[in-house]
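Q: Below: one structure in structure tokens.
The values are calculated or read from the model by the stated rules, or taken from the named source; none is laboratory data. All of these numbers come straight from a predicted model, not from anything done at the bench. Positions of Cβ are backbone-derived with ideal geometry, glycine not excepted, and every protein chain shown enters the neighbour counts.
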Amino acid sequence: MARKPQQPARPGSPTIHNRRASHDYVIHDRIECGIVLVGSEVKSVRNGKVSLAEGFARIDPRKMEVWLHDVDIAGYENAPANHIPKHPRKLLLHRREIESLLGRMGSKGMTLVPLLMYFNDRGIIKLQIGLASGKGHADKRESMKNREARRDIQRAMTRKRIG
């Protein structure tokens, strides 16, 4: 089965979140994977110059590879030869993990979205992708109502403790 994702362990290293993913999708499962980057891309990630918002991952079933598309890693200003900001990047997963994802993505409407990019405790960049299905307009409104209700409850509990 899939490896359990870890939280970033390196203090001072940026953690890039995809806030739009939880708003637009229902996340069913999370998988941690490696990502193939060139030197100037690593420097840009270290500076936090990454946008995961429009990103998605696609599986190539013939080669059993997973590719990350439309993730914008900005150019590094001090690099002599910069990288292309939005080119497809290969994700590093075991073959059995890819086969498992292929089987689970057979359902209609399932997609892979990037959720989190961070440095692990060994200084290696990791990407957390989520197996997700899209939310409808009514689902988004329901999520916002639940979030507001939780905030109101939290405020009331805080006021009760203080006063």
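Q: Yes or no: the range 29-52 includes at least one residue that is under 25 Å from Ser143 (Cα atoms) and either among the basic types (Lys, Arg) or out of contact with any strand residue (DSSP E or B) (no Cβ under 9 Å at 6 or more places or on another chain) (or both).
A: Kept after step one, since they are under 25 Å from Ser143 (Cα atoms), are these residues of the range 29-52: 29-31, 51-52.
So of that shortlist, the ones also either among the basic types (Lys, Arg) or out of contact with any strand residue (DSSP E or B) (no Cβ under 9 Å at 6 or more places or on another chain) (or both) come out as 30.
Within the range 29-52 (the criterion being under 25 Å from Ser143 (Cα atoms) and either among the basic types (Lys, Arg) or out of contact with any strand residue (DSSP E or B) (no Cβ under 9 Å at 6 or more places or on another chain) (or both)), the answer is yes, since at least one residue qualifies.
Q: Scan Arg95, Arg58, Arg46 and give me the residue that is under 14 Å from the mean Cα position of the chain (by Cα) and either of a type in the set (Lys, Arg) or closer than 15 Å to Leu116 by Cβ (or both).
A: Values: Arg95 fails: under 14 Å from the mean Cα position of the chain (by Cα); Arg46 fails: under 14 Å from the mean Cα position of the chain (by Cα).
Of Arg95, Arg58, Arg46, the one residue that is under 14 Å from the mean Cα position of the chain (by Cα) and either of a type in the set (Lys, Arg) or closer than 15 Å to Leu116 by Cβ (or both) is Arg58.
Q: Checking Met105 against (1) touching a helix residue (DSSP H, G or I) at 6+ places or on another chain (Cβ under 7 Å); (2) more than 20 Å from Ser13 (Cβ to Cβ): exactly one of these is not met. Which one?
A: Met105 satisfies every listed condition except (1).
Q: Just to be sure I understand, how many residues within the range 61-84 are under 16 Å from Met117 (Cβ atoms) and either in contact (Cβ under 8 Å) with a residue 60 or more places away in the chain or not aromatic (Phe, Trp, Tyr) (or both)?
A: Total meeting the criteria: 9.
Q: Taking the range 52-98, which residues are under 12 Å from Ile35 (Cβ atoms) and among the hydrophobic types (A, V, I, L, M, F, W, C)?
A: Step one: of the range 52-98, the residues under 12 Å from Ile35 (Cβ atoms) are 52, 55, 57, 66-68, 71, 73, 88-93.
Those that are under 12 Å from Ile35 (Cβ atoms) and among the hydrophobic types (A, V, I, L, M, F, W, C): Leu52, Ala57, Val66, Trp67, Leu68, Val71, Ile73, Leu91, Leu92, Leu93.
Q: Go through (1) in a loop (DSSP other than H, G, I, E, B); (2) in contact with a helix residue (DSSP H, G or I) (Cβ under 7 Å, 6 or more places away or on another chain) and name the single condition His23 misses.
A: Of everything listed in (1) in a loop (DSSP other than H, G, I, E, B); (2) in contact with a helix residue (DSSP H, G or I) (Cβ under 7 Å, 6 or more places away or on another chain), His23 misses just condition (1).
Q: Moving to a separate point now. With the requirement that a residue be aliphatic (A, V, I, L, M) and either over 12 Å from Ser22 (Cα atoms) or in contact (Cβ under 8 Å) with a residue 12 or more places away in the chain (or both), what does the range 124-154 give you? Step through it out loud before you land on a result.
A: At the first step, the residues of the range 124-154 found to be aliphatic (A, V, I, L, M) are 124-125, 127, 129, 131-132, 138, 144, 149, 153.
The answer is Ile124, Ile125, Leu127, Ile129, Leu131, Ala132, Ala138, Ala149, Ile153.
Q: Within the range 49-71, which residues are farther than 16 Å from Gly130 by Cβ, aliphatic (A, V, I, L, M) and in a loop (DSSP other than H, G, I, E, B)?
A: Passing the criteria: only Met64.
Q: Just one of Ser40, Ser22, Ser44, Ser100 is polar (S, T, N, Q) and at pLDDT 90 or above; which is it? Steps first, answer last, please.
A: Details: Ser40 fails: at pLDDT 90 or above; Ser22 fails: at pLDDT 90 or above; Ser44 fails: at pLDDT 90 or above.
So the residue among Ser40, Ser22, Ser44, Ser100 that is polar (S, T, N, Q) and at pLDDT 90 or above is Ser100.
Q: Sticking with this one: Modelled with pLDDT under 90 and not charged (D, E, K, R): does that describe Gly106? I'd like the intermediate steps shown before the answer.
A: Details: modelled with pLDDT under 90: yes; not charged (D, E, K, R): yes.
For Gly106, the condition - modelled with pLDDT under 90 and not charged (D, E, K, R) - is met.
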